[in-house]
1. Net charge near Gly90, counting Lys/Arg +1 and Asp/Glu -1 over other residues with Cβ under 12 Å of its Cβ?
2. State, to one decimal in nm², a quarter of the convex hull surface area for the C-alpha atoms of the range 33-121, i.e. the direction-averaged projected area.
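Bear in mind these aren't lab numbers, they're just calculated from the coordinates by the rules spelled out. Since the structure is predicted, the reported quantities are computational estimates derived from the model, not experimental observations. Virtual Cβ from ideal backbone geometry, glycine too; neighbours counted across all protein chains shown.
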Amino acid sequence: MMVKGLARGARSRHIKISLSSLALTLSSFPYSAAQDALPTGTSVISGQVAISSPSSSSLLIDQSSAGAIIERGGFSVGSGNAVHFAKGSGAMLNRVTGVNVSAIDGRPTATGSRRPLFLMEVL
């Protein structure tokens with residue numbers, strides 16, 4: 001996104017408009033998220049992360065390092081399913097590289113520090 005050279009107020013208006021446009025564009029993509037969907041194709045690229053499935057409808061991502069990068073094939077969360085991020089004291093980047101748009105109809109939650117949790121979908 002090119003915002004270089006805009007006044008501060010204009011820059012924030014431009015970003016708000018762009019995010020609204022992005023949300024509208026993504027909502028018009030067709031997707032077929034299975035009701036039992038949970039994130040798939042997980043690879044820990046950096047950091048200390050343990051991933052477990054306490055039940056067939058939940059996923060637990062437990063981070064014990066100061067930072068982590070996780071790549072995923074998909075990040076759909078079906079209705080009635082849950083994904084919990086136990087971040088401890090670190091920041092976490094989740095990079096989704098699959099070919100399908102993720103649908104989050106379930107419940108993602110996070111605990112831990114005030115450091116950010118990012119979910120970036122690369123289409």
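1. Cβ neighbours under 12 Å give a net charge of +2.
2. Over all viewing directions, the range 33-121 projects a mean Cα-hull area of 4.9 nm².
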